[in-house]
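Trainee: Structure below; questions to follow.
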Amino acid sequence: MLANPTRFIGLATRLLPWLAGLTALLFAIGVYLSFTTERDYQQGDTVRIMYIHVPAAWLSMMCYTIMALSALGTLVWRHPLADVSAKVAAPLGAAFTFLALVTGSLWGKPMWGTWWVWDARLTSVFILFLMYLGLIAFNKAMDDPGRAARVSAVMILVGFVNIPIIKFSVEWWNTLHQPASVFRLGGPTIDREFLIPLLIMGLAYTCLFFTLHLMAIRNEIWRRRIAVMRRNAARAAQAGGDA
Amino acid sequence: MMDHAFYVYSAWGVAVLTLIGITAFTYGESRYLQKELKRLEAMGIRRRSEIKE
């Protein structure tokens, strides 16, 4: 059913208001809790940066994982919307990665005493940001969408090696960045007071991502239809002129 | 009184601007494309798959 663009547009149009509403509700609760929970005994109020930084970092990796699954959909299953999904996810991933880098830097300065260090976690996330920008530039530069989709899918799958590097960089190397404190084998090490707003903000970011991703896929389908219609109109006008 | 207020508000400011920015861009593009599609359809221009139908 999702392979048919017209059916996909119908489904997305029905789902989008609900997803957007859920996103707004989760953000309202998340923002309220982010500013009403206790300050951390060591970090003080800078702990409130965590509620926007950590979900952005999660989403930067989740978005690339979705792009990698879409790339598999393009190369292995030849799903007609897989390349659209990967293409439109790249700007969203770049925005979340940018947010993770900037908010991390603003958190690092008061806590670590520096805006930036070239440690394994920060550098691998910066590389992820460059990869997103590279994929956006590549998609813009290519004229043939079919060829662009296949080459881009291979590039995405090769670049996926960076995702486990980002995740485990804090365990494999000595980094200034702290190790995982939420998604870890022994369970979260973070206090419930901070964990609940963090998870709600994480859900809000995730819902926002899916809302924007659905909307962007629909936009890309419409953009391609408009291109075809303009081409048909130009051909018809040319044929009329020749006759 | 919030400590490190500059860092906290700057980070939240960047987050709000970025998230509103990508939302407004995607929504604005959606509105533009919908209008353009309707305009072309009103001019009688169709895709080939629709012409066959």
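Trainee: Kindly indicate the residue of segment A:32-49 that is touching a residue at least 24 places away in the same chain (Cβ under 8 Å) and β-branched (Val, Ile, Thr) and also surrounded by the most Cβ atoms within 10 Å (Cβ to Cβ) among those meeting that condition.
Mentor: Across segment A:32-49, the extreme among qualifying residues is A:49.
Trainee: Which of (1) touching a residue at least 24 places away in the same chain (Cβ under 8 Å); (2) more than 30 Å from residue A:36 (Cα to Cα) does residue A:177 not meet, given it meets every other one?
Mentor: Result: residue A:177 fails condition (2) only.
Trainee: Pick from A:145, A:110: which is within 14 Å of chain B (Cβ to nearest Cβ), over 20 Å from the mean Cα position of the chain (by Cα) and touching a residue at least 40 places away in the same chain (Cβ under 8 Å)?
Mentor: A:110
Trainee: Does segment A:113-133 hold any residues that are in a helix (DSSP H, G or I), in contact (Cβ under 8 Å) with a residue 12 or more places away in the chain and either of a type outside the set (Ser, Thr, Tyr) or surrounded by fewer than 15 Cβ atoms within 10 Å (Cβ to Cβ) (or both), and which are they?
Mentor: The answer is A:120, A:121, A:122, A:125, A:126, A:127, A:128, A:129, A:131, A:133.
Trainee: Does segment B:29-41 include one or more residues that are under 17 Å from residue A:211 (Cα atoms), modelled with pLDDT of 95 or more and facing chain A (nearest Cβ under 7 Å)?
Mentor: Yes: one or more hits.
Trainee: Answer yes if at least one residue in segment A:179-197 is surrounded by fewer than 19 Cβ atoms within 10 Å (Cβ to Cβ) and within 17 Å of the chain's Cα centre (by Cα), and no otherwise.
Mentor: Within segment A:179-197 (the criterion being surrounded by fewer than 19 Cβ atoms within 10 Å (Cβ to Cβ) and within 17 Å of the chain's Cα centre (by Cα)), the answer is no, since none of the residues qualifies.
Trainee: Is it true that some residue in segment A:164-173 is surrounded by fewer than 15 Cβ atoms within 10 Å (Cβ to Cβ), without any contact (Cβ under 8 Å) to a residue 12 or more places away in the chain and either within 30 Å of residue A:114 (Cβ to Cβ) or among the aromatic types (Phe, Trp, Tyr) (or both)?
Mentor: Within segment A:164-173, one or more residues are surrounded by fewer than 15 Cβ atoms within 10 Å (Cβ to Cβ), without any contact (Cβ under 8 Å) to a residue 12 or more places away in the chain and either within 30 Å of residue A:114 (Cβ to Cβ) or among the aromatic types (Phe, Trp, Tyr) (or both).
Trainee: Please go through segment A:183-206 and give me each residue that is within 30 Å of residue A:87 (Cα to Cα) and of a type in the set (A, V, I, L, M, F, W, C), ordered by number.
Mentor: Those that are within 30 Å of residue A:87 (Cα to Cα) and of a type in the set (A, V, I, L, M, F, W, C): A:183, A:198, A:199, A:200, A:201, A:203, A:204.
Trainee: Checking the condition within 12 Å of another protein chain (Cβ to nearest Cβ), closer than 20 Å to residue A:164 by Cα and either assigned to a helix (DSSP H, G or I) or touching a residue at least 40 places away in the same chain (Cβ under 8 Å) (or both), which residue from A:103, A:97 passes?
Mentor: A:97 is the lone residue from the list that is within 12 Å of another protein chain (Cβ to nearest Cβ), closer than 20 Å to residue A:164 by Cα and either assigned to a helix (DSSP H, G or I) or touching a residue at least 40 places away in the same chain (Cβ under 8 Å) (or both).
Trainee: If you don't mind, another one. Pairs please, first residue from segment B:1-12 and at the interface with chain A (Cβ under 7 Å from one of its Cβ atoms), second anywhere and among the β-branched types (Val, Ile, Thr) and outside any helix (DSSP H, G or I), Cβ atoms under 9 Å, 6+ apart in sequence or on different chains.
Mentor: B:3/A:46; B:4/A:46; B:7/A:46; B:8/A:46; B:11/A:46
Trainee: Can you pull out every residue in segment A:50-94 that is outside any helix (DSSP H, G or I) and either within 12 Å of another protein chain (Cβ to nearest Cβ) or buried (at least 24 other Cβ atoms within 10 Å of the Cβ) (or both)?
Mentor: Residues satisfying the conditions do not exist here.
The values are calculated or read from the model by the stated rules, or taken from the named source; none is laboratory data. This structure is a prediction, so every number in the text was calculated from the model and none was measured. Quick reminder, even Gly has a Cβ in these numbers, built from the backbone with ideal geometry, and neighbours come from all protein chains shown.
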